[in-house]
Amino acid sequence: MKTILWIIMCALCVSKASAKELKIAVGSSIPPYIIQSENRGIEYDILKETLELAGYRMKARYVPLARKLAEFRAGRMDGIMSTGLENLPGCYTNSHITYRNYAITLKSNGLEINSIGDLKDKRVIAFQNASNYLGQNFKELAKNNGLYREIGDQNTQSKMLFTRRADVIIADKYIFQWFSRNLANTNGIENPEVTYHELFPPSHFRSVFAKQEVCDKFNVALKKIKKSGRYDEIVRSYGVTVDSDALVN
């Protein structure tokens, strides 16, 4: 494994010198996936290194969603970092990143949550627009539970769980762990043990590129990055706990 990883890192160094630049549309900052102020993040690093191994150099352009799609359709971008849409021109890569949303509770509360229906009488704090993303059953729950709220600041979301102002929060596991750690480091707020209730299917995202050649080379490089252990290494470098099936395929 170490030999394979060493070969890949050497290939990255060699390819940077002669790599063709690709303008890639990147969305809003979503730590730890995308940290715009530092040009890094789990998803950012995975895409950047995979493209480098494929012989390309990523030039990130941070743009809002609507503009991101318009710029790509107009040919002013060579690709989009990730999308769940299925009707864009160009070619789609294999999935390179997966978001996993959970219902998260304090372990000490011992709450039994095995279905969305179990949230009906709970103080639920979800991420912004969660009711539009997590399926019809969850949308009905959000509509009928008077204790349901959505907030944009996921740092506050974690804080509300830890200070017992919420029974349940709905969040991506890596995002929750990132902000929880920040609370401990900057605010001194203890991170108690939590339980992750798996109520939602994972959301797999793919990149889109204008040229099929880029997609083909990207898929080959992505497979190598995963097989070498580098993919896993990137994820863990952001201090998150990797799900056992997160790195399969």
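The values are calculated or read from the model by the stated rules, or taken from the named source; none is laboratory data. Just so it is clear, the structure is predicted and the values come from calculations on it, not from any experiment. So basically every Cβ, Gly included, is an ideal-geometry build from the backbone, and we count neighbours across all protein chains shown.
When you scan the range 81-91, do you find a residue that is in contact with a Leu (Cβ under 6 Å, 6 or more places away or on another chain) and in the same structural domain as Ala25 (by TED's automatic domain parsing), even just one? Let's see the steps before the verdict.
To start, the set of residues in the range 81-91 that are in contact with a Leu (Cβ under 6 Å, 6 or more places away or on another chain) comprises 81.
If we keep only those that are in the same structural domain as Ala25 (by TED's automatic domain parsing) too, we end up with 81.
Yes, some residue in the range 81-91 is in contact with a Leu (Cβ under 6 Å, 6 or more places away or on another chain) and in the same structural domain as Ala25 (by TED's automatic domain parsing).
Any residue at all in the range 194-209 that's farther than 14 Å from Asn101 by Cα and surrounded by fewer than 14 Cβ atoms within 10 Å (Cβ to Cβ)?
no
Working only within the range 63-81, note down all residues that are over 18 Å from Asn132 (Cβ atoms) and not basic (Lys, Arg). Lay out the reasoning, then the answer.
First, pick out the residues of the range 63-81 that are over 18 Å from Asn132 (Cβ atoms): 63, 67-68, 70-81.
Listed by number, the residues that qualify are Val63, Ala70, Glu71, Phe72, Ala74, Gly75, Met77, Asp78, Gly79, Ile80, Met81.
Within the range 18-41, which residues are in contact with a strand residue (DSSP E or B) (Cβ under 7 Å, 6 or more places away or on another chain) and of a type in the set (Val, Ile, Thr)?
The answer is Ile24, Val26, Ile34.
If you check Thr50, Thr83, which single one turns out to be at pLDDT 95 or above and closer than 27 Å to Ser237 by Cα? If you could, list the steps in order and put the result at the bottom.
Working: Thr83 fails: at pLDDT 95 or above.
It is Thr50.
When Cys13 is evaluated against the numbered criteria (1) surrounded by fewer than 22 Cβ atoms within 10 Å (Cβ to Cβ); (2) assigned to a helix (DSSP H, G or I); (3) at pLDDT 95 or above, which criterion, by number, is the only one it fails?
The failed condition is (3).
Restricting to the range 38-61, and then to whatever is over 16 Å from the mean Cα position of the chain (by Cα) and part of a strand (DSSP E or B), can you tell me which residue is surrounded by the fewest Cβ atoms within 10 Å (Cβ to Cβ)?
Among them, the one singled out is Lys59.
For the list (1) modelled with pLDDT of 95 or more; (2) on the phi > 0 side of the Ramachandran plot, I need the number of the one condition that Phe176 fails.
Going through (1) modelled with pLDDT of 95 or more; (2) on the phi > 0 side of the Ramachandran plot one by one, Phe176 breaks only (2).
Please name all residue pairs, on different chains or six or more residues apart, with Cβ atoms under 7 Å, provided the first residue is in the range 95-112 and is more than 18 Å from Lys159 (Cα to Cα) and in contact (Cβ under 8 Å) with a residue 24 or more places away in the chain and the second residue is of a type in the set (S, T, N, Q) and part of a strand (DSSP E or B).
Listed pairs, sorted by first residue: His96/Ser207; Ile97/Ser82; Thr98/Ser203; Tyr99/Ser203; Leu111/Thr105.
Can you say whether Met160 is surrounded by fewer than 19 Cβ atoms within 10 Å (Cβ to Cβ), among the aliphatic types (A, V, I, L, M) and either more than 29 Å from Ala210 (Cβ to Cβ) or touching a residue at least 60 places away in the same chain (Cβ under 8 Å) (or both), as far as the supplied structure shows?
Values: surrounded by fewer than 19 Cβ atoms within 10 Å (Cβ to Cβ): yes; among the aliphatic types (A, V, I, L, M): yes; either more than 29 Å from Ala210 (Cβ to Cβ) or touching a residue at least 60 places away in the same chain (Cβ under 8 Å) (or both): yes.
Yes.
Tell me which residues, restricted to the range 210-245, are in contact with a Gly (Cβ under 8 Å, 6 or more places away or on another chain) and under 16 Å from Tyr99 (Cβ atoms).
The one that is in contact with a Gly (Cβ under 8 Å, 6 or more places away or on another chain) and under 16 Å from Tyr99 (Cβ atoms): Tyr238.
Checking the structure you have, find out if any residue of the range 94-107 is touching a Cys at 6+ places or on another chain (Cβ under 6 Å) and surrounded by 19 or more Cβ atoms within 10 Å (Cβ to Cβ).
Pass one, the range 94-107, residues touching a Cys at 6+ places or on another chain (Cβ under 6 Å): none.
No.
Only one of (1) at pLDDT 95 or above; (2) among the hydrophobic types (A, V, I, L, M, F, W, C); (3) over 30 Å from Asp167 (Cα atoms) is not met by Ile42, so which one is it?
With (1) at pLDDT 95 or above; (2) among the hydrophobic types (A, V, I, L, M, F, W, C); (3) over 30 Å from Asp167 (Cα atoms) applied to Ile42, the lone miss is (3).
In the set Ile189, Ile169, which member is in contact with a Leu (Cβ under 6 Å, 6 or more places away or on another chain) and closer than 15 Å to Ala103 by Cβ? Write out each step before concluding.
Numbers: Ile189 fails: closer than 15 Å to Ala103 by Cβ.
Residue meeting the stated conditions: Ile169.
Residue by residue through the range 152-168, note down the ones that are of a type in the set (D, E, K, R) and in a loop (DSSP other than H, G, I, E, B).
Step one: of the range 152-168, the residues of a type in the set (D, E, K, R) are 153, 159, 164-165, 167.
Passing the criteria: Asp153, Arg164, Arg165, Asp167.
Given the range 75-131, what strands (runs of 3 or more DSSP E) lie entirely inside it while holding 1 or more residues that are hydroxyl-bearing (Ser, Thr, Tyr)?
Details: elements: 79-83, 91-99, 101-106, 124-127.
Per the criteria, 79-83, 91-99, 101-106.
Can you pull out every residue in the range 119-132 that is touching a residue at least 24 places away in the same chain (Cβ under 8 Å) and farther than 21 Å from Lys159 by Cα?
Going through the range 119-132, the residues touching a residue at least 24 places away in the same chain (Cβ under 8 Å) turn out to be 119-128, 130.
Matches in the range 119-132: Lys120 only.
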